[in-house]
Amino acid sequence: QVFNFSSGPAMLPVEVLRRAEQELCNWQGLGTSVMEISHRSKEFIQVAEEAEQDLRDLMKIPSNYKVLFCHGGARAQFAAVPLNLLGPAKTADYVDGGYWAQSAIKEAVKYCTPNVIDAKTTLDGLAAITPMNNWALSDDAAYVHYCPNETIDGIAINEQPDFGDKVVVADFSSTILSSPIDVSCYGVIYAGAQKNIGPAGLTLVIVREDLLGQARKELPSILDYKVLADNESMFNTPPTFAWYLSGLVFKWLKEQGGVSEIDKRNQAKADLLYGVIDNSDFYRNGVAPANRSRMNVPFQLADASLDKLFLEESFAAGLHALKGHRVVGGMRASIYNAMPLEGVKTLTDFMVDFERRHG
Ligand code: PLP
């Protein structure tokens with residue numbers, strides 16, 4: 001059995017893949033696959049509506065929020081957010097907590113002069129994030145943007161934002177649906193699907209209704225939240241297969257007991273993996289405990305000359321995609337919702353054994 005620790009596109013629940021396989025060529029007895037039918041057919045509209053309702057149930061999305069099923073990945077949102085939300089403002093607060101937050105800032109500078117808040121710090125030599133009440137927000141910013149989980153750095157910001165009337169925008173690409181989120185704390189939540197939701201090609205945007213309709217006029221219609229909302233995310237042809245498959249993942253998640261149950265499992269998986277890392281001098285994670293990501297666990301071998309062997313042997317043992325991102329090196333295990341505890345246990349058993357043989 002293979003366990004895939006890829007950071008994204010990532011592992012999907014096997015039950016979902018089996019069901020999709022079963023109905024691939026003959027969906028709902030139509031003699032065709034779901035990806036070959038019109039997005040405006042009554043059959044697909046039902047899929048689309050059910051997926052949205054299931055997501056609303058799972059995340060307890062309040063009724064004054066629109067859910068948009070978009071193209072373009074999270075990176076398209078790096079541009080869509082300023083173009084939709086800046087209005088007449090010339091600045092927005094951007095919190096820099098790592099690689100993806102910085103990528104959002106690089107895009108935002110095309111449209112405004114962001115007020116960049118460097119939240120990166122160290123605690124006892126470990127990477128950490130300054131508490132939210134130390135973030136120096138500016139009065140004239142249209143919104144504050146941050147990334148609650150840095151997929152590459154393995155750094156999480158777990159505090160719930162409470163900035164009064166400020167519009168808070170968050171890139172939840174690598175944590176959405178992994179633990180409960182109070183949606184009402186945010187103006188916009190966005191997430192690429194390919195980690196905790198479904199196949200690449202779909203991006204979710206959850207936007208508070210009062211923020212619609214203030215887009216800059218040069219904004220391409222396809223990125224305009226109001227245009228998308230007014231057209232039920234069907235302004236153009238949506239990524240229908242990814243939408244359908246994400247809908248199956250939402251149903252799977254409901255069957256598992258919803259977000260609160262998966263939250264417990266995610267905690268157990270993270271505790272097991274960090275426990276093995278912390279109990280050894282052979283492996284190391286460089287993030288302060290309060291900011292450790294439960295989804296993406298980077299770790300280094302004390303002797304980096306063993307990296308290649310570790311990757312070869314782990315792959316042979318069915319533990320795939322453990323190589324760290326090229327900008328940080330080392331290893332990274334992404335343990336999203338679809339990764340079972342058994343997968344993490346197989347990894348930790350391998351790590352203990354590898355250390356015994358090479359430590
Ligand atoms: N934001 C975060 C937190 C990510 O992890 C990623 C991709 O890994 C992105 C943004 C970019 O997403 P996309 O490739 O969907 O544009």
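Results, tabulated for the structure shown:
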read-out	value
Integer Hz, Karplus 6.51/-1.76/1.60 couplings in order for segment 44-56, x for Gly and Pro	6, 4, 5, 4, 4, 5, 5, 4, 5, 5, 4, 5, 4
Carbon and sulfur %, accessible surface of the chain computed with the full protein complex present, 1.4 Å	51 percent
Rg/Rh ratio calculated on Cα atoms of segment 311-359 (Kirkwood radius)	0.97
The chain, relative contact order in percent, only Cα pairs under 8 angstrom and at least six apart counted	24 percent
Relative contact order (%) - criterion: Cα under 8 Å, at least six apart; region: segment 297-359	33 percent
Tensor-based shape of segment 225-338 (alpha-carbon gyration tensor, a/c under 1.5 rounded, otherwise prolate or oblate)	prolate
Segment 182-284: relative contact order in percent, alpha carbon pairs under 8 Å with at least 6 residues between	19 percent
Hull shadow area, averaged, segment 1-96 [alpha-carbon convex hull, nm²]	10.2 nm²
1.4 Å probe accessible area per residue over the chain, in Å²	44 Å²
Highest-first arrangement of 302-311, 90-99, where packing means the average Cβ count within 10 Å	90-99, 302-311
Using alpha carbons only: equivalent-ellipsoid semi-axes of segment 109-168, gyration tensor based, whole Å	22, 14, 11
Descending semi-axes in Å of the chain, equivalent ellipsoid built from Cα gyration tensor	33, 28, 16
Square roots of 5 times each gyration tensor eigenvalue, C-alpha, segment 186-225, largest first, Å	23, 14, 6
Segment Arg40-Ala316, length gained on full extension (0.36 nm per residue, minus Cα span)	94.8 nm
Nonlocal amide H pairs with Val116, under 5 Å, H built at 1.01 Å	Tyr94
Taking the convex hull of Cα positions in segment 216-278, its mean projected area over all directions (nm²)	7.7 nm²
Peptides ranked, highest mean first, by Cβ atoms within 10 Å: ranges 76-86, 265-275	76-86, 265-275
Counting all C-alpha pairs of segment 138-185, share separated by more than 17 Å (%)	35 percent
Residue-averaged [θ]222 nm for the chain, counting only DSSP H segments that reach four residues, each worth -39500 (n - 2.57)	-11000 deg cm²/dmol
³J(HN,Hα) computed for each position of segment 163-177 - Karplus, 6.51 cos²θ - 1.76 cosθ + 1.60, integer Hz, glycine/proline x	10, x, 7, 4, 7, 9, 10, 9, 8, 9, 3, 9, 10, 3, 6
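The values are calculated or read from the model by the stated rules, or taken from the named source; none is laboratory data. No experiment lies behind these values; they were computed from the predicted model shown. Don't worry about glycine lacking a Cβ; one is built from the backbone with ideal geometry, like all the others, and counts go over all protein chains shown. Just the protein is used for accessible areas: all its heavy atoms, side chains included, with ligands, DNA and RNA removed. Shrake-Rupley method; radii C 1.70, N 1.55, O 1.52, S 1.80 Å.
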